[in-house]
Amino acid sequence: MSPKPITAHADPTPSGGPTNFASIRVHSRFGFSIWVGYAVLAVFAIISLGPIWIAVKTALSDSGTLFTSASSLLPQHPTLFNFERVIGLVNPADPRLQQTSFGKVDFYRALMNSGAFTLLAVVPQIAFSAMAAYAFARLRFYGRQVVFFLFLAATMIPSVVLFIPNFILIKDLGWLNTYQGMAAPYALMTPFAVFFLRQMFLSTPRELEESALIDGACYFTIFFRIVLPVHRSALATLSILAALNAWNDFFWPFLVGRDRSVQVMAVAINSFRAQQAGGTPDWSGLMACTVLGIVPVAVLLVLFGRKVVESLQYTGFR
């Protein structure tokens, strides 16, 4: 007599009926919470991107129909004429330029000035802040905690308070309307940069540095050949944050670099707005210039935005 084959039957309730229903309820609540979170994020994304879309829509609109289509979400009769005339691709004999006294802006000059100002402000700042942060994280010297506390206390000083003494200093040095005059207040150590990098350097395994010391390496060698390569992600994050801050800065470059030869993008846009007769801004051209000015920042955030968030989460305020 052949034995009956053994068949496995799936138990619909492997751990009992009530427990199974409870797990389904928990799973449903968890899924509902995810959808609610996505909905909230979508609302915040729409609110955040709304002004940018209004700027793009205004830049694509014709100046003659701009106010008649103000309530529309899409531009009526979209055109790239505003972008072309801001960049300088429109023929001066174009009859559309004769209809209204459009403002003029040297877009490429302003773009190059913003790039030069950002480079001069960020590179020295990261270099000096990294050296100061490593000293606070690893070196032992008299008054280290007091000096570091003063650095942290400097973050509570409003930046507007320092504009007048900095302006007087730059003027006495003869650096008005120069790149070095605009970048000087940013080129040295900043409290946030020192604090950020110090927190990163504290997470470096001491065994790496102790092994290098045993092998005869000095602190400079350890700093440049071990610490900096290990934390290049943090250095890149801080560089991005500092570059965004310098690129978007307006008030200090407006005070020091008002000459057209050194005007950064924000100052050039403000000059473009003030050129209109009767005080009526050329909104289409102004928004076209603004959209073109934020393109480098948008590209930077798209490429390195995740790295910035991850590094800020990893920093740890301890």
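The values are calculated or read from the model by the stated rules, or taken from the named source; none is laboratory data. As the structure is a computational prediction, the values presented were derived from the model and not from experiment. Every residue, glycine among them, receives a Cβ derived from its backbone with ideal geometry; neighbour counts consider all protein chains shown.
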Task: region 167-184, residues that are in a loop (DSSP other than H, G, I, E, B) and polar (S, T, N, Q) - done: 177, 178
- [ ] Taking residue 142 as meeting all but one of (1) surrounded by fewer than 14 Cβ atoms within 10 Å (Cβ to Cβ); (2) part of a helix (DSSP H, G or I), write down the number of the exception.
- [x] (2)
Task: Which numbered condition residue 250 misses (of (1) under 17 Å from residue 177 (Cα atoms); (2) surrounded by 15 or more Cβ atoms within 10 Å (Cβ to Cβ)) - done: (2)
Task: Scope region 30-63; condition in contact (Cβ under 8 Å) with a residue 12 or more places away in the chain and small (Gly, Ala, Ser); matching residues - done: 55, 59, 61, 63
TODO: Would you mind finding the one in 137, 154, 133 that is farther than 18 Å from residue 201 by Cβ, surrounded by 11 or more Cβ atoms within 10 Å (Cβ to Cβ) and either in contact (Cβ under 8 Å) with a residue 12 or more places away in the chain or over 26 Å from the mean Cα position of the chain (by Cα) (or both)?
DONE: 154
- [ ] Looking for whichever is of a type outside the set (Gly, Ala, Ser) and modelled with pLDDT of 85 or more here; the options are 312, 213. Which one fits?
- [x] 213
TODO: Would you tally the residues in region 45-80 being outside any loop (DSSP other than H, G, I, E, B), exposed (fewer than 10 other Cβ atoms within 10 Å of the Cβ) and not polar (S, T, N, Q)?
DONE: 2
Task: Search result, residues across region 185-233 that are of a type in the set (Val, Ile, Thr), part of a helix (DSSP H, G or I) and surrounded by fewer than 18 Cβ atoms within 10 Å (Cβ to Cβ) - done: 214, 221, 226, 230
TODO: Select from region 251-279 the residues that are within 25 Å of the chain's Cα centre (by Cα) and of a type in the set (Lys, Arg) and write down the one among them that is modelled with the lowest pLDDT.
DONE: 273
- [ ] Pull up region 84-130, narrow it to residues that are part of a loop (DSSP other than H, G, I, E, B) and either in contact with an Asp or Glu (Cβ under 6 Å, 6 or more places away or on another chain) or crowded, with 16+ Cβ neighbours inside 10 Å (or both), then point me to the one that is modelled with the lowest pLDDT.
- [x] 102
